[in-house]
Each structure stands twice: as structure tokens, then as C-alpha cells.
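K.L.:
Once you've had a glance at the structure underneath, I'll fire off some questions.
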Amino acid sequence: EVQGMAEKLEGKEITLKGRVGSRERLHGAITSADIAARIEEETGLAIDKRRIQLEEPIHRLGIYEVPVKLAKEVNPKIRVVVEEEEKEQDIA
């Protein structure tokens, strides 16, 4: 069962969006809970946020390789893409 989950996750790319301030720095951060929620939305796999091996919350736009610890020797890596949230257009 764990190996099947690993195969679904390995190389999976998920995209998260956030509000951005100066120097491509996010207002707030992307956390392991955000990543776990997105994985479940996209794959249907419920992954405990503690299994997402994020050293610290993500504060900048970019692409991150994040390991997911499913078992002792099973650590598939997912790609987390952090993009700027689209700004709402003012209607004139």
C-alpha cells in the first residue's frame, strides 16, 4: 500500500498560490499543512502534514523539491511550485 502511494507521489507537481509583497516574498507562508491539503485535493491521498519533510515554511516564490516520508525507506519527492496569486482587477 505504501509503495503504491509512493509511486503516485514521486515526481508529482503541485502548485500553490500566495499573495506576494516586495522581492517576491509571500505575505504569510506555505506550510506542510498547505501542501498536505493540496496533495489530497489533487490525488485523493490523505497524507499527514507531519510526513511532509519541509525544513521550514516557504516564504518565497519558486520551485521546491519536498520529500514525503511514508515509511522508513520510502520517501518520494514532490515538486511544489509557489506562484503569485492573481491580483483582482479594478473595474473602471
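The values are calculated or read from the model by the stated rules, or taken from the named source; none is laboratory data. It should be emphasised that the depicted structure is a prediction, and the values quoted were computed from it without experimental measurement. We place every Cβ from the backbone using ideal geometry, glycine too, and count neighbours over all the protein chains shown. Side chains are part of the model used for accessible areas, which takes the heavy atoms of the whole protein and leaves out ligands, DNA and RNA. Shrake-Rupley method; radii C 1.70, N 1.55, O 1.52, S 1.80 Å.
K.L.:
When the accessible area of the chain is computed with all protein chains present and a 1.4 Å probe, what percentage of it is carbon and sulfur?
P.N.:
Looking at the chain in its full context, I get 43 percent from C and S.
K.L.:
Counting Lys +1, Arg +1, Asp -1, Glu -1, what net charge surrounds Lys12 among other residues with beta carbon under 13 Å of its beta carbon?
P.N.:
Cβ neighbours under 13 Å give a net charge of -3.
K.L.:
Relative contact order of the chain: what whole-number percent is it, with Cα pairs under 8 angstrom and at least 6 residues apart?
P.N.:
Here the relative contact order equals 37 percent.
K.L.:
Can you give me the accessible area per residue for the chain, using a 1.4 Å probe, in Å²?
P.N.:
On a per-residue basis, 71 Å².
K.L.:
Longest segment of the chain with no GluC sites (Glu not before Pro) in a DSSP loop having at most 12 other Cβ atoms within 10 Å?
P.N.:
Details: sites that count: Glu1, Glu55, Glu73, Glu85, Glu86, Glu88.
Value returned for the longest uninterrupted segment is 2-54.
K.L.:
Test of understanding: what is the full-extension gain from Glu7 to Arg60, defined as 0.36 nm times their sequence separation minus their Cα-Cα distance?
P.N.:
Details: separation 53, 0.36 × 53 = 19.08 nm, distance 2.81 nm.
Here the segment from Glu7 to Arg60 would lengthen by 16.3 nm.
K.L.:
Report the extension gain between Glu73 and Ser22 in nm, rounded to one decimal, defined as 0.36 nm multiplied by the number of residues separating them, less their alpha carbon distance.
P.N.:
Roughly 14.4 nm would be gained on extension.
K.L.:
So if I restrict to the alpha-carbon atoms in the chain, what is the Rg, and what is Dmax, the biggest pairwise distance, in Å?
P.N.:
Looking at the chain, its Cα Rg and Dmax stand at 14.6, 57 Å.
K.L.:
Counting Lys and Arg as +1 and Asp and Glu as -1, each charge on the Cβ, what is the dipole of the chain about the Cα centre in debye, to the nearest 20? Walk me through the intermediate numbers first.
P.N.:
Numbers: 16 positive and 20 negative charges, 72 e Å.
So the magnitude is around 340 debye.
K.L.:
Spin-label point model (7 Å from Cα, Cβ direction): what's the Glu40 to Gln53 distance in nm?
P.N.:
2.3 nm
K.L.:
Let me ask something additional. Against the longest principal axis of the chain, how steep is helix 32-43, in degrees 0 to 90 to the nearest 10, with axes from Cα atoms?
P.N.:
With both axes taken from Cα atoms, the answer is about 80 degrees.
K.L.:
Additional query: Near Lys49, which aspartates and glutamates are there with a Cα under 13 Å away, not counting those fewer than 8 places off in the same chain?
P.N.:
Cross-link targets: Asp34, Glu40.
K.L.:
Which of Ile14, Ile35, Ile52 moves most in a GNM of the chain, Cα contacts under 10 Å?
P.N.:
Among Ile14, Ile35, Ile52, the largest GNM mean-square fluctuation belongs to Ile14.
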